[in-house]
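Data block below; observations after.
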Amino acid sequence: MAFLEFQNISKTFDGIPAVDDASLEIRKGEIFSLLGPSGCGKTTLLRMCAGFERPNAGRIILNGTDITDLPPNERRVNTIFQSYALFPHLTIFENIAFGLRVARKPDVQVREEVEKMLQIMQLKGHEQKKPHQISGGQKQRVAIARALANKPEILLLDEPLAALDLKLRQRMLVELDAIHDEVGITFIMVTHDQTEAMGISDRIAVMNRGKIQQVGRPAEIYETPLTSFVAAFIGDTNFFVGQVAPAEDADYCTLRIEGFDPVLCFNDKKLQPGQTAYVSVRPEKFRIHTEVPEGHSRLNVLRGKVTDVIYEGGHTDYWVDGPGGYRISVTRSHQRFGLDEAPITWGADVWLSWHADDGYMLEQYREDDEGLLRLPSPADASLLTELPDES
Amino acid sequence: MKRSRFPLVVTVLVMLFFYLPVLVLVVNSFNRSRSSGPWTGFTLDWYVRLFGRRDIWEAFGNTLIIAVSASAASMLLGTLAAFALHRYRTRLQDAHYTMVYTPLVVPEILLGISLLLLFVALGVERNLTVLFIGHTTFCISYVTMVVLARLQDFDFAMVEAAQDLGAGPWTIARRVIIPLLAPGIFAGGLLAFTLSIDDYVISFFLSGPGTTTLPIKINAMIRRDAPALINALSSIMLCVTFLLVGLSQKLNKENRT
Ligand SMILES: Nc1ncnc2c1ncn2[C@@H]1O[C@H](COP(=O)(O)OP(=O)(O)O)[C@@H](O)[C@H]1O
Ligand SMILES: [Mg+2]
């Protein structure tokens, strides 16, 4: 049974939906991330879990108890606020002790619990300082310690790393993971940063415009995106659209894509001949060749011309103009760069190949989501070249 | 390198302009001469005489009662008004803001006359309560402005954090909001206190027989008593005012980091 359950939660502000019919099941002890672009309703969903907002519809069930209408101070759920919201007039010690003092715990116990938190969070020696005397990373640890001292069943973190600089962000991510291992309670984290979510989470819910798009392990989300939004928001991808035709193997189908040779594609959605299929192929699924690759029955091959090369050290991104006006983003990682990998430059004629299993059929496709891709569509690119020359 | 003397000269001139009259007043309060003319020797006589005057003591008492009660009332009401203004932004609140702000810019004499007309129309006798209400009306505005300024950098996520940690509304007020706003509230209160002590115009319209305040008293004394006596009284008031303003500024700076 799910530990925390959101059942058909909706919330509107002034008639505008912020969260729209969201249902989620979160398991005990996991790190669960709500991932989506800013304004998609992640914080609102989190605040409903904490009790700061009431949903317009739906129930929230924690451990079998309906907590939808409980005020925040009666829920065993604690929040790390984006601004940390430490109390500036109290010492670090008293900040961490706040919840225990409110609960009128005896002094000895307060001291003991706070000492333990100071130990875990490596804040020893700072207990008599005021919040403005410590660093950003330490403030965050105080915020976590203050929440955990209350022994919550769930810790909610709203963009916990957003206020830190890049280096510290990476370190705190590792630390958060360590803290989670140490205390073993459920973490729900809000973030708009996919690497953050992918790196730390057991499972991720991807949100867009108040709706939950997909829930799954990071690899599932990346490898088998259900919607064009998920495919384009997480990492980069290429979309292809074609008509389904039967293939020899019933698990596969042949796609007729304008300008392409017939393309073989894994048909897990069981589309019928004549239906339109939208397929996502990630840039690193392509192999790029300077000669016609040796084919086999499951390999798709197409010809194209390299229009741009972006060398990034560990890998190179190529933009390849393919048939049918498709502009394809391809990534090649380098193991033996400059040795036995033939250099590919701008204007080169190349072949791209990809395995039929590596194109993933989408359940839902929206043209707008193309805007999230790295590669400008050919239409945008032609706009760029038409700009007046400054020289 | 030669530094320009100009800023120094200007500073000195401004200080002279502001404080020379005050200095003359304070020095003269120790002058033996009755008419504050030429220096004829040091004396504390005027201060001693001041202590013997019952009517002055009475005016002093009135001033103190009004200042304490008006600043206390305006601390409470002004803080509440500041909260309402900060939290809710509606058209009604914009009107409210204007209303709170107006007494700071309207000529005091208008405020005095309108209050007088109001009390006359109501048929209320001019007693201490009337003075108290009059002073509170303008004191509220000052407290509200000071507290409002402090609310600008008050992170309301702290209120939610406290609630999240199990605190009820009363605990939040006592342990988070009041401690954080107290310096602002007191700074506003002290400012109100000094303004109330000094106030002449509004008191002029609202004080009646038996409810004379110190500034009114001083004005009356100019015609009858030795100028040196007034100097002594003014010097004392000056000291008290400086002290309070200094305290108010110190409080307002605290916890501002
Ligand atoms: N208190 C509020 N009043 C009005 N609109 C709000 C409020 N909180 C959030 N919203 C709106 O709801 C939407 C979702 O906001 P939020 O949950 O904060 O998004 P996210 O955390 O994903 O960036 C946004 O369009 C935001 O403007
Ligand atoms: Mg947010």
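If residue A:132 meets every condition in (1) under 19 Å from residue A:155 (Cα atoms); (2) within 14 Å of chain B (Cβ to nearest Cβ) apart from one, which number is that one?
(1)
Can you tell me which of (1) of a type outside the set (S, T, N, Q); (2) within 14 Å of chain B (Cβ to nearest Cβ); (3) exposed (fewer than 15 other Cβ atoms within 10 Å of the Cβ) is the one residue A:108 doesn't meet?
(2)
Would you say residue A:44 is modelled with pLDDT under 95 and out of contact with any Leu (no Cβ under 8 Å at 6 or more places or on another chain)?
No.
Conditions first: (1) without any contact (Cβ under 8 Å) to a residue 24 or more places away in the chain; (2) at positive phi. Residue A:69 passes all but one, so which condition is the exception?
Tallying (1) without any contact (Cβ under 8 Å) to a residue 24 or more places away in the chain; (2) at positive phi, residue A:69 fails exactly one: (2).
Among the listed residues A:121, A:48, identify the single one that is more than 14 Å from chain B (Cβ to nearest Cβ) and among the aliphatic types (A, V, I, L, M).
Result of the check over A:121, A:48: A:121.
Select from segment A:28-84 the residues that are within 16 Å of ligand 2 (Cβ to nearest atom), more than 30 Å from residue A:373 (Cα to Cα) and in a loop (DSSP other than H, G, I, E, B) and list them in ascending order.
Those that are within 16 Å of ligand 2 (Cβ to nearest atom), more than 30 Å from residue A:373 (Cα to Cα) and in a loop (DSSP other than H, G, I, E, B): A:52, A:53, A:81, A:83, A:84.
Has segment A:152-171 got any residue that is within 14 Å of chain B (Cβ to nearest Cβ), surrounded by fewer than 22 Cβ atoms within 10 Å (Cβ to Cβ), more than 18 Å from residue A:41 (Cα to Cα) and more than 16 Å from ligand 2 (Cβ to nearest atom)?
Yes, segment A:152-171 contains a residue that is within 14 Å of chain B (Cβ to nearest Cβ), surrounded by fewer than 22 Cβ atoms within 10 Å (Cβ to Cβ), more than 18 Å from residue A:41 (Cα to Cα) and more than 16 Å from ligand 2 (Cβ to nearest atom).
Taking segment A:13-43 on its own, how many of its residues are away from every other protein chain (no Cβ under 14 Å), near ligand 1 (Cβ under 8 Å from one of its atoms), β-branched (Val, Ile, Thr) and within 26 Å of residue A:177 (Cβ to Cβ)?
So the count comes out to 0.
I'm trying to understand the selection: among the residues of segment B:157-188, which are part of a loop (DSSP other than H, G, I, E, B), buried (at least 23 other Cβ atoms within 10 Å of the Cβ) and among the small types (Gly, Ala, Ser)?
B:167, the sole residue that qualifies.
Which of the residues spanning segment A:217-240 are surrounded by fewer than 20 Cβ atoms within 10 Å (Cβ to Cβ), in a loop (DSSP other than H, G, I, E, B) and in contact with a Ser or Thr (Cβ under 9 Å, 6 or more places away or on another chain)?
A:217, A:236
Being out of contact with any Cys (no Cβ under 6 Å at 6 or more places or on another chain) and closer than 24 Å to residue A:63 by Cα narrows it down to one of A:243, A:194, A:214, A:170, so name that one.
A:214 is the lone residue from the list that is out of contact with any Cys (no Cβ under 6 Å at 6 or more places or on another chain) and closer than 24 Å to residue A:63 by Cα.
Being more than 14 Å from chain B (Cβ to nearest Cβ) and farther than 26 Å from residue A:2 by Cα: is that true of residue A:92 here?
yes
Of everything in segment B:196-214 that's part of a helix (DSSP H, G or I) and farther than 22 Å from residue B:75 by Cβ, which residue is nearest to the chain's Cα centre (by Cα)?
Per the criteria, the residue is B:201.
Taking residue B:243 as meeting all but one of (1) within 19 Å of the chain's Cα centre (by Cα); (2) part of a loop (DSSP other than H, G, I, E, B), write down the number of the exception.
(2)
The values are calculated or read from the model by the stated rules, or taken from the named source; none is laboratory data. No experiment lies behind these values; they were computed from the predicted model shown. Cβ coordinates were reconstructed from backbone atoms using ideal geometry, including for glycine residues, and neighbour counts include every protein chain displayed.
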